[in-house]
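**Student:** The following block contains the structure, expressed as structure tokens.
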Amino acid sequence: MERKRRIIIDVLLLLSIRNYSRHTGNDNIRLIQFISIFVIDALTGLLINEFVILFKAKRQ
């Protein structure tokens, strides 16, 4: 189950990065771009948390 969770987070992160890179004209950040950046940050935080949990479990 934990492996599936990491894979799902990975796929969502890749999709959100791809979606953000599609936007043109990054002069002014619009609301949708702000939400995309926020989601990318949140997914990155979740992925880092999953890896920390994985490394702590391997130590024990």
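The values are calculated or read from the model by the stated rules, or taken from the named source; none is laboratory data. This one's a predicted model, so the numbers in the text were calculated from it and none came from an experiment. Every residue, glycine as well, gets a Cβ built from its backbone with ideal geometry; the counts of neighbours run over all protein chains shown. Note: accessible area is taken over every heavy atom of the protein model, side chains too, but ligands, DNA and RNA are not part of it. Shrake-Rupley method; radii C 1.70, N 1.55, O 1.52, S 1.80 Å.
**Student:** Report whether or not ASP41 is open to solvent by 80 Å² or more (accessible area, probe 1.4 Å) and not aromatic (Phe, Trp, Tyr).
**Tutor:** Criteria met by ASP41.
**Student:** Pull out all pairs, ordered by first then second residue, where Cβ-Cβ is under 8 Å, the residues are six or more apart or on different chains, the first lies in the range 33-58 and is over 24 Å from MET1 (Cβ atoms) and without any contact (Cβ under 8 Å) to a residue 60 or more places away in the chain, and the second is polar (S, T, N, Q) and in a helix (DSSP H, G or I).
**Tutor:** Taking only residues 6 or more apart or on different chains, the pairs are SER36/SER16; SER36/ASN19; ILE40/SER16.
**Student:** Consider VAL11 carefully, then state whether it is loosely packed, with under 11 Cβ neighbours inside 10 Å, at pLDDT 90 or above and in a helix (DSSP H, G or I).
**Tutor:** no
**Student:** Right, next: Filter the range 14-25 down to the residues that are part of a helix (DSSP H, G or I), loosely packed, with under 11 Cβ neighbours inside 10 Å and among the hydroxyl-bearing types (Ser, Thr, Tyr) and list them by number.
**Tutor:** SER21, the sole residue that qualifies.
**Student:** Only one of these conditions is not met by ASN28: (1) polar (S, T, N, Q); (2) in a helix (DSSP H, G or I); (3) open to solvent by 100 Å² or more (accessible area, probe 1.4 Å). Which number is it?
**Tutor:** (2)
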